[in-house]
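**Student:** The structure is given below, and queries will be raised subsequently.
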Amino acid sequence: LNSTGTTVTPFTAVTRSDWIDLASDGCTVFYTAEGASVMRFNTCTNMPMGDFNSPETLSSAFALRILSDGGVLVADTTRVVRFNSSGNSVQTYTFTPPNSPNTENFLFALNLDPDGTSFWTADVGTADVLKVDISTGNVLESFNTGTGSQTVFGLSVKGEITAGGGGGITVSHDTPPGVTTEFDFPG
């Protein structure tokens, strides 16, 4: 789609797509389908590309975001995995948030913070939302939405950084129809 929402070129992925992000080249779409791979598709050539990562590094890849250095963060059920620009796993994040009895084990959502040094993730089972330092893995902020289990299937972060620039779009097919939850974050 162009900036006015008009279809420029349709393309078909090799499998269903769940979460997507556009690389800084403006052509490469990274996407997941709740499997073990981060897949890629070149929209400029209308051709699928090889998987970004080796499949043994992920179990159920959900949300992903491309970092400014070409690396990728992926929410992978019980953890978030950081890959370098070559698709090699370089860091794994697991969480038990401060002041919470929960160990996060259904991490589904993930977005980059505008500060460029942290990301937000959310657990579908606990409804916990966490802000995490990318370098250290330390939880910087956390809260529970109070909406109960099976309610937080995505996050929107005002001013979110996206590698492809522009507004950034996150699509999740699992969101219950007619249910929209918004949270306002200070700063």
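The values are calculated or read from the model by the stated rules, or taken from the named source; none is laboratory data. What you are looking at is a predicted structure, and each value in this text was computed from that prediction instead of being measured. Side chains are part of the model used for accessible areas, which takes the heavy atoms of the whole protein and leaves out ligands, DNA and RNA. Shrake-Rupley method; radii C 1.70, N 1.55, O 1.52, S 1.80 Å.
**Student:** Solvent-accessible area per residue for segment 35-77 at a 1.4 Å probe radius, Å²? If you can, show how the numbers build up before the last one.
**Tutor:** Working: 1600 Å² over 43 residues.
Value returned for segment 35-77: 37 Å² of accessible area per residue.
**Student:** I've got another one for you. Thr4 to Thr151: extension gain in nm, 0.36 nm per residue of separation minus the Cα-Cα distance?
**Tutor:** Numbers: separation 147, 0.36 × 147 = 52.92 nm, distance 3.11 nm.
Difference between extended and current length: 49.8 nm.
**Student:** From the backbone phi of segment 63-71, what are the Karplus-calculated ³J(HN,Hα) couplings (6.51 cos²θ - 1.76 cosθ + 1.60, θ = phi - 60°) in whole Hz, Gly and Pro given as x?
**Tutor:** So the J values, rounded to whole Hz, are 4, 9, 9, 8, 7, 4, 8, x, x.
**Student:** What residues qualify as long-range amide H neighbours of Met49, i.e. H under 5 Å apart, gap of 5 or more or another chain, H built at 1.01 Å from N?
**Tutor:** Close amide H contacts, sequence-distant or interchain: Arg40, Phe41, Asn42.
**Student:** So how far, in whole Å, is the C-alpha centre of segment 139-156 from the one of segment 118-134?
**Tutor:** If you average the Cα positions of each part, the centres end up 7 Å apart.
**Student:** Just to make sure I understand: if all protein chains stay in place, what is the order of Thr162, Thr4 by accessible area at 1.4 Å, largest first? The partial results should precede the final answer.
**Tutor:** Numbers: Thr162 20, Thr4 110 Å².
Sorted by accessible area, descending: Thr4, Thr162.
**Student:** Treating the Cα atoms of segment 42-100 as identical point scatterers in vacuum, please give the log10 of the normalised Debye intensity I(q)/I(0) at q = 0.16, 0.18, 0.19 Å⁻¹, two decimals.
**Tutor:** The calculated log intensity ratios at q = 0.16, 0.18, 0.19 Å⁻¹ are -0.56, -0.68, -0.74.
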